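Taking it in order: structure first as structure tokens, then the write-up.
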Amino acid sequence: MAPSGTMRVVVYNQPGDASVLKVEERPIPTRGDGEILVKQYGTSVNPVDFKMRSSNKENLPKIPGGDISGIIEEVGSGSKFKKGDRVIGLAPWFWMSFKEGTYAEYVSAKEEWLAYCPKSLPLHEAGQVPLVSLTCWQAMSDWNIRPGSRVLVHAGSSGVGTWVLQTAKLRGAHVVATAGPKNQEFLKELGADETINYREQDFAEVYKDKPFDYIFDSVGGENTVKGYTKIINKSGAYTEIANNGTDQNRVKEYTEMGKKGEGAKYKFMIVEPNGKWMQEIADLIEQGKLKCVKDRSYDLFSQVREAHEFQETGRARGKVILEIIKE
């Protein structure tokens, strides 16, 4: 029997700084057809969460978040999952098009979004995995990495950057990653072959004679995009993650250049749920081939403002976790 009554959620009613986030009571969601009711043990803060919170005026009030990590509370017949299974997954609700999100004690998610959580990973920490790892998988889905392929990862110490760096190395690439001075050694510990201190070095100048096959850019903007055509092979691919203020004219220009063969293939993307890929990632974590990088944890309902404020500093090394229930 499905639980009834109310649950706690974090919500904002208007855009603003972290002080607009507040805890409210909402009805526990009713499971729809093809959906699974999950009792949340954890979720996480992603940059999109505070960017939406600070500027989004659509579909308010809004519950932030897209990361799911918990135990199945109710599931329909015919599902591969059963009540009590530990699951993780990504919901698309982090984007401005949706009012609901995963900063909540319960979520009702589509089965195809979910995967079994690695046994070695506590559920209250597993909420750090879905959005960033699936962003990595989607970004690299059409990269034909071979041993020795050259890959540049901007913001290599960020939540998603740590996953792209590790995954590119796992596939045999030679990886160059950018970060500030305090994270240079950290990048090498994750497997980077070379590092760039973006505050002191111009990557476009350093690598003008050593072009890359693939470039991953979760930063966006002129500092990372400028000059990229000079340091990437025309047979390669450049993937940029959607950000507030992205120049859509530039996106269109680079996309057309790639289609015409005048430059590398260019992809501008927003991550989407994918349970199949989520399971591939979970299995690699369980096998010890990929590791989660946690910066710190906060309690969702008593410390969410502090969590957002820290994420906004840009100093997070890996992920900022929001715990709901300790497993």
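The values are calculated or read from the model by the stated rules, or taken from the named source; none is laboratory data. Keep in mind the model is a prediction, meaning the values are calculated, not measured. In this analysis, Cβ positions are derived from the backbone assuming ideal geometry, glycine residues included, and neighbour counts consider all displayed protein chains.
The single condition among (1) hydroxyl-bearing (Ser, Thr, Tyr); (2) under 30 Å from SER55 (Cα atoms); (3) out of contact with any helix residue (DSSP H, G or I) (no Cβ under 6 Å at 6 or more places or on another chain); (4) at pLDDT 90 or above that TYR214 does not meet is (2). Reported count of residues in the stretch 61-88, each being closer than 17 Å to TRP277 by Cα, in contact with a Ser or Thr (Cβ under 8 Å, 6 or more places away or on another chain) and not aliphatic (A, V, I, L, M), is 3.
Just one of the listed residues (TRP163, TRP95) is surrounded by fewer than 24 Cβ atoms within 10 Å (Cβ to Cβ) and within 20 Å of the chain's Cα centre (by Cα), and it is TRP95. Please work out if LEU121 is under 30 Å from ILE28 (Cβ atoms) and either assigned to a strand (DSSP E or B) or touching a helix residue (DSSP H, G or I) at 6+ places or on another chain (Cβ under 7 Å) (or both). Answer is yes for this residue.
Consider TYR254 carefully, then state whether it is buried (at least 22 other Cβ atoms within 10 Å of the Cβ), in a helix (DSSP H, G or I) and touching a Phe, Trp or Tyr at 6+ places or on another chain (Cβ under 6 Å). When the stated conditions are applied, TYR254 passes them. Scanning the stretch 148-175 for residues that are among the hydrophobic types (A, V, I, L, M, F, W, C) and either touching a Phe, Trp or Tyr at 6+ places or on another chain (Cβ under 7 Å) or outside any strand (DSSP E or B) (or both) yields VAL151, LEU152, VAL153, ALA155, VAL160, TRP163, VAL164, LEU165, ALA168, LEU170, ALA173. Beta carbons closer than 7 Å, at least 6 apart along the sequence or on distinct chains, pair a first residue in the stretch 182-210 that is within 22 Å of GLY314 (Cβ to Cβ) and without any contact (Cβ under 8 Å) to a residue 40 or more places away in the chain with a second that is of a type in the set (S, T, N, Q) and in a helix (DSSP H, G or I) for THR195/GLN184; ASN197/GLN184. Taking the criterion of being modelled with pLDDT of 95 or more and outside any strand (DSSP E or B), the residues of the stretch 62-78 that qualify are ILE63, PRO64, GLY65, GLY66.
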